[in-house]
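Every number in this text was worked out from the coordinates using simple rules, so none of it is lab data. Worth saying up front: this structure is predicted, and the values here are computed from it rather than measured. When we count neighbours, we look across all protein chains shown, and the Cβ atoms used for this are built from the backbone with ideal geometry, even at glycine.
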Amino acid sequence: MHEMGIAMQIVEIATASIPADMQCARVQRVNLKVGKLSAIVADSLRFCFDLVVKETPLEGAELVIEELPVVVRCKACENQWTVTEPVFVCPVCKSGDIDILSGLELDITSIEIEDED
Amino acid sequence: MWFFANRIIKRYHRGHHGPHDHHHGGGHDVETKKSGTREIKVVRRVLDANDIMAGRMRAVFAEKGVFVLNMMSSPGSGKTTTLQKTLARIMPGLRCAVIVGDICTTVDADRLALSGAPVVQINTDEFGGDCHLAAHVVEKAVADLDLDNIDLLIVENIGNLVCPAEFDIGEDKRVVVLSVTEGEDKPAKYPLMFRECDATLLNKIDLLPYLDFDMDLARTSIANIHPGMPVFEISAKTEAGFDDWIAWLEAQVKEKLKG
Ligand SMILES: [Zn+2]
C-alpha cells in the first residue's frame, strides 16, 4: 500500500499551491484525476489523506477523485478502444503494439479554497 | 479493479504531457466559484518529485556505466534464491552489487552477501513500512556504493505485485518473478506489474509435476497483457532454464555498457 506516500505528496503540492495572499484560508477540496491504470485504491487514498491533512491548511478538506478510463490506440491500424479487461491485443488486427492515450493519470487538477471576502 | 501501465509511455509521453510545466513559474489561475470558494488550478502530477529524482539517478547510472535491474515479485516467489543463483553465474564476469528492500528484516541481504557482491540493505520501516522502494530511498542506498566499480546493480524490490510497479527508481529494465505455485491467474490480477516489466521469470518449474499449473494459459495471459515480453521458465532450485535467462540479462547489460 503506497497510498500514504501519495497522500503526503498531495498535501505537499496542494499546500505549495495556496496563493500567498490566501495563506490563512482553509482548503475545502482537492480535485484529483486518477487513471484506472494507476495502482491507486481510492478508498485507501481517502483514508490516508484524512490522516495526513491533520494540522495542515488542508485539515478537513475533501478529496474528490475523478477516475479516468483506459483508452488505447493500436499503432498498426489506428484502431482506438476503451480497455475493460487485462488484454492489450488489438481486437481488429491482433497487434500488441499500442499507445496508451488515457488511464495513467495521477494528477492534482485544482484546489478549492474558502473565499475570505 | 485491475491496473496496468506502460512505463515507456509514462516516462516519455507522460513526462511531457500536462500543462503543469506552465505553472512552475509560480503563477496560478484563480477562478471564483459560485459556492463562496475559489478554485485554483494546479495541474501537477503527484509523482513528479519521485520521477524527477529517478531521472537524476538514471543520468548518474548512465554516466558511470551502471546497468540497473529492478526485480519485483510477490512474497515467496523465490526471488532471493533466483538472485543468489544468478549472481553465482554472472560474477565475476560482471561486477555486481545489490540493493535489497525489505520492510524490517535483513535475512535476504545476509543470504545475498554470501555471493561476495556488495549488498546494501534498505529497511522501509524507517520510511513508514512502505511496500515498495521509491526513488529517494534508492538514492540513499546508492550513496553507499562505489559506482565506478559496478557494471550491474540489481535492486531486489519489496515482495509485492502492486505498488513497486508505480515507482520509477531510475532502472534500465524491470523483471517480475512469478512462481508456478502462485497460480496462472496472477498476471490477469496484477496486469500493471506485467505491463511494466521487460521480462517474466516463471520460477519453481521443478514443482510442475505436483501442480495443476496450466503453462499455456499462463503464457497466453501474460502475452495478452504484454505482447512480446520474454518469459523464462526457470527453477532456482535446480537451475533449469537459467542459461536463457542469464543470456538475456547479460545481453541487456552489454548493450548498455557498450553504448
Ligand atoms: Zn490494430
For the protein assembly as shown, the dipole about the Cα centre with charges only on Cβ (Lys and Arg +1, Asp and Glu -1), to the nearest 20 debye, works out at 900
In nm, the gap between the two label points placed 7 Å beyond Cα toward Cβ at A:PHE47 and B:MET91 is 4.0
Cleavage-rule hits, GluC sites (Glu not before Pro), the range B:148-204, DSSP coil, Cβ neighbours within 10 Å at most 14 = none
Could you pull out the GluC sites (Glu not before Pro) across the range A:38-117 that fall in loop regions by DSSP (anything but H, G, I, E, B) with no more than 15 other Cβ atoms inside 10 Å?
-> A:GLU55, A:GLU59, A:GLU78, A:GLU116
Rounded to the nearest 20 Debye, what is the dipole magnitude of the range B:61-159 about its Cα centre when Lys and Arg each give +1 and Asp and Glu each give -1 at the C-beta?
-> 460
Listed residues B:PHE61, B:GLN121, B:THR80: farthest to the positive end of the dipole of the range B:39-258 (Cβ charges) = B:PHE61
Grab the Cα-Cα distance for B:HIS136 and B:LEU114, subtract it from 0.36 nm times how many residues apart they are, and report the gain in nm with one decimal.
-> 5.2 nm
Mean-position separation - Cα centroids, the range B:142-208 and the range B:45-80, in angstrom = 11
With +1 at each Lys and Arg Cβ and -1 at each Asp and Glu Cβ, the charge dipole magnitude of the range B:90-229 around its Cα centre, to the nearest 20 debye, comes out at 280
Any lysines with Cα under 19 Å of the B:LYS64 Cα? List them, leaving off those in the same chain fewer than 8 positions away.
-> B:LYS140, B:LYS173, B:LYS254, B:LYS256, B:LYS258
Subtracting the Cα-Cα distance from 0.36 nm times the residue separation, let me have the gained length for B:ARG56 to B:LYS258 in nm, one decimal.
-> 70.6 nm
Calculated from DSSP helices alone, with each H run of at least 4 adding -39500 (n - 2.57) and the total divided by the residues of chain A, [θ]222 nm to the nearest 500 comes to -6500 deg cm²/dmol
Name the shape class, rounded, prolate or oblate, that the alpha-carbon gyration tensor gives for chain A, where a ≥ b ≥ c are the square roots of its eigenvalues, rounded holds for a/c under 1.5, and otherwise prolate holds if a/b is larger than b/c and oblate otherwise.
-> prolate
Name all residues of the range A:87-117 having a backbone nitrogen under 16 Å from the label point set 7 Å from the Cα of A:CYS24 along its Cα→Cβ direction, giving them as ranges.
-> A:114-117
Residues B:GLU63 and B:ASN123, FRET efficiency given R0 of 25 Å [Cβ-Cβ distance, rounded to 0.05] = 0.30
Mind pulling the per residue volume of the convex hull built on the Cα atoms of the protein assembly as shown? Å³ is fine.
-> 153
Lysines whose Cα lies under 16 Å from that of A:LYS75, excluding same-chain neighbours fewer than 8 positions away = A:LYS94
List the lysines whose alpha-carbon lies under 17 Å from that of B:LYS85, not counting same-chain residues fewer than 8 positions away?
-> B:LYS204, B:LYS237
